[in-house]
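To start, the structure itself, in structure tokens.
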Amino acid sequence: MSNTVETGLPEDWEVRHSQSKNLPYYFNSATKTSRWEPPSGTDVDKLKIYMAKYHSPPAQQPQQQPQGKIRCAHLLVKHNQSRRPSSWRESEITRTKEQARKILEEFEQRIKSGSISLGELALTESDCSSARKRGDLGYFGRGDMQKEFEDAAFALKPGEISGIVDTASGLHLIERLE
């Protein structure tokens with residue numbers, strides 16, 4: 001059970017952990033309802049800090065890279081035209097695509113300057129649930145991701161970061177890990 005003051009969630013809401021998906025979710029103890037996105041009325045800044053502190057796994061031991069697959073991390077910024085304009089950070093995303101692009105351009109500059117890594121930034125700023133894993137999507141092969149994302153990811157060499165990639169999910173920065 002999580003503390004409402006620390007999490008920034010409205011009264012009766014708490015963060016729980018899904019055993020089947022191995023991800024945190026939001027549960028209302030009064031109504032017995034659950035959801036993947038934070039409820040309206042959430043203090044997003046407090047929630048970001050809480051999630052980074054308590055729901056970010058430790059660095060994983062290296063796995064053997066499966067043949068034909070690559071491993072990437074990404075930072076996703078959704079907008080009001082995204083196929084699902086909500087996230088763990090915001091229950092309803094209202095920013096325009098252009099506003100999302102400007103946000104991502106600022107993130108890209110911070111990463112390129114070396115002041116922060118994509119993984120560190122993803123922990124608190126990515127609209128994808130992979131934020132809890134520093135944006136790490138694990139291994140994937142051709143046909144596993146949206147085409148635009150996949151094309152950009154497979155074009156990168158390990159250690160490289162893409163420019164802004166536009167998909168139905170939103171706008172991404174992608175880092176090829178392996």
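Just a few scattered comments:
- Share of carbon and sulfur in the accessible heavy-atom surface of the stretch 71-178 [1.4 Å probe, %]: 46 percent
- Cut-off 17 Å (backbone N to label point 7 Å along Cα→Cβ of LYS97), residues of the stretch 148-178: 148-149, 164-173
- Sequence of MET51, MET145 from largest to smallest accessible area, 1.4 Å probe: MET145, MET51
- Rolling a 1.4 Å probe over the protein chains gives HIS17 an accessible area of about 70 Å².
- Considering only THR33, THR124, THR42, the mean-square fluctuation computed in a Gaussian network model of the chain, springs between alpha carbons under 10 angstrom, is largest for THR33.
- The stretch between ASP166 and ASP151 holds 4.3 nm of extra length on full extension. This uses 0.36 nm per residue minus the Cα-Cα distance.
- In the stretch 22-178, a dipole from Cβ-located charges (positive for Lys and Arg, negative for Asp and Glu) runs towards its positive end, and of GLN64, LEU177, SER117 it is GLN64 whose Cα lies farthest in that direction.
- The chain, accessible area per residue, ligands and nucleic acids excluded (1.4 Å, Å²): 54 Å²
- Kirkwood-based shape ratio for the chain, expressed as Rg/Rh from alpha carbons: 0.97
- Karplus-derived HN-Hα couplings along the stretch 156-161 (A = 6.51, B = -1.76, C = 1.60, θ = phi - 60°), whole Hz, x at Gly and Pro: 7, 9, x, x, 8, 10
- Residue range of the chain that is longest and free of trypsin sites (Lys or Arg not before Pro) which are both DSSP loop and sparsely packed (at most 15 other C-beta within 10 Å): 84-141
- With the simple spin-label model, which puts each label point 7 Å out from Cα in the Cβ direction, the THR33 to GLN19 separation comes to 2.5 nm.
- The chain: relative contact order in percent, alpha carbon pairs under 8 Å with at least 6 residues between: 23 percent
- Neighbour net charge for GLN67 - beta-carbon separation under 15 angstrom, K R +1, D E -1: +1
- Cβ charges +1 (Lys, Arg) and -1 (Asp, Glu), total dipole of the chain, debye: 380 debye
- Among ALA52, ALA155, ALA100, residue whose mean-square fluctuation peaks in a GNM of the chain (springs only between Cα atoms under 10 Å): ALA155
- Proximal lysine pairs, the chain, alpha carbons under 17 Å, eight or more residues apart or interchain: 10
The values are calculated or read from the model by the stated rules, or taken from the named source; none is laboratory data. Everything numeric in this text was worked out from a predicted model, so none of it was measured. Because the Cβ atoms are built from the backbone with ideal geometry, glycine has one as well, and the counts that use them run over all protein chains shown. Side chains included, ligands, DNA and RNA excluded: accessible areas come from the protein's heavy atoms. Shrake-Rupley method; radii C 1.70, N 1.55, O 1.52, S 1.80 Å.
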